[in-house]
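Only the coordinates and a few stated rules stand behind these numbers; no lab work does. The shown structure was predicted, so the numbers you read here are calculated from the model rather than taken from an experiment. When we count neighbours, we look across all protein chains shown, and the Cβ atoms used for this are built from the backbone with ideal geometry, even at glycine.
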Amino acid sequence: MNVYRYITEGTFDAYSWQVIEQKQQFISQIMTSRSPARSIEDVDLQTLNYAEIKALATSNPLVKEKMELEIRLTELNTMKAAYRNQKYEMEHNLAKVYPKRQAALTARQKNIERDHGLFLEQKVSMGSKFKLNVNGHDYFNPEEAGKAFQKAHYELLGVGQLEKKIAEYCGLDIYVKYDFEAEKREMTIRTKHGSFYKYDFGRSAAAAITALDKVDDFFVDQKKEINDAMVSLEKQIEDASQLLDTPFGYEEELEEKNERLKEVMIELFDNEVNNKEIEDIRFSSIEDSEEER
């Protein structure tokens, strides 16, 4: 089965299709994921006057042009509203959001540098020796430290999912907890300035001890992550600044279409006045003829 749509020149079909198109634009602006105009009104203010009705019936090109201008102006005004909204968002980001994010990243970067420095100092002072403090007792043998670590962890099984500090390593605090729902043992290594490194060591305490050798990699990864975030933020600031300096790309067309629509409306209005004068003269002539009779 095929569906055919017909439109007849010189009739109201064109206006009817324009109304349908405007309804679809109204619905699309609401359903779109992009930034629409701040307010959407489903109000048809373009009521046809008598001159437009007669123009439609006589295939007046001015009416067609008026419809095309109104449709294009609706599109341009919607785009300009989206442009203004985006510009407002960029101004807000540059004034409020980005400076806060930049300050937070800078502070985090300094803290990571400090924590990494303290860790390396402790590591260097120990040399090739191993040292892990579990619940106040120092262990210099990795195997014995692993057993003490596992024992301290098992004592927490009845505590539930609460996290508790049970050890210290090179100036870092080590917390553990058991997640009953996930059935996993999780170790969190916290620095003095709030950074942390999580590690799931399963049932093996030896795995937890081995994870301590990867702490330096954690600091390196954190530094790279922060550096990448700062580079990305600088790019966002640069893009936002450029957007603020960029004018609306269709401003000239918008002004031209508005001016042309005014001209078309004046021409249609003049036609209506002229036609009314002709009708008045004709009606007056008919009345005079009837009086003479």
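Figures for the structure shown
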read-out	value
Computed E for A206/R101 - FRET, C-beta separation, R0 41 angstrom, nearest 0.05	0.50
Length gained when the stretch K214-Y154 is fully extended (0.36 nm per residue, less Cα-Cα span)	19.2 nm
Projected label distance in nm at E144 and H193, using a 7 Å step from Cα toward the beta-carbon	3.5 nm
Lysines with Cα under 23 Å of K198, excluding same-chain neighbours fewer than 8 positions away	K110, K123, K131, K147, K151, K164, K165, K177, K184, K214, K223, K224
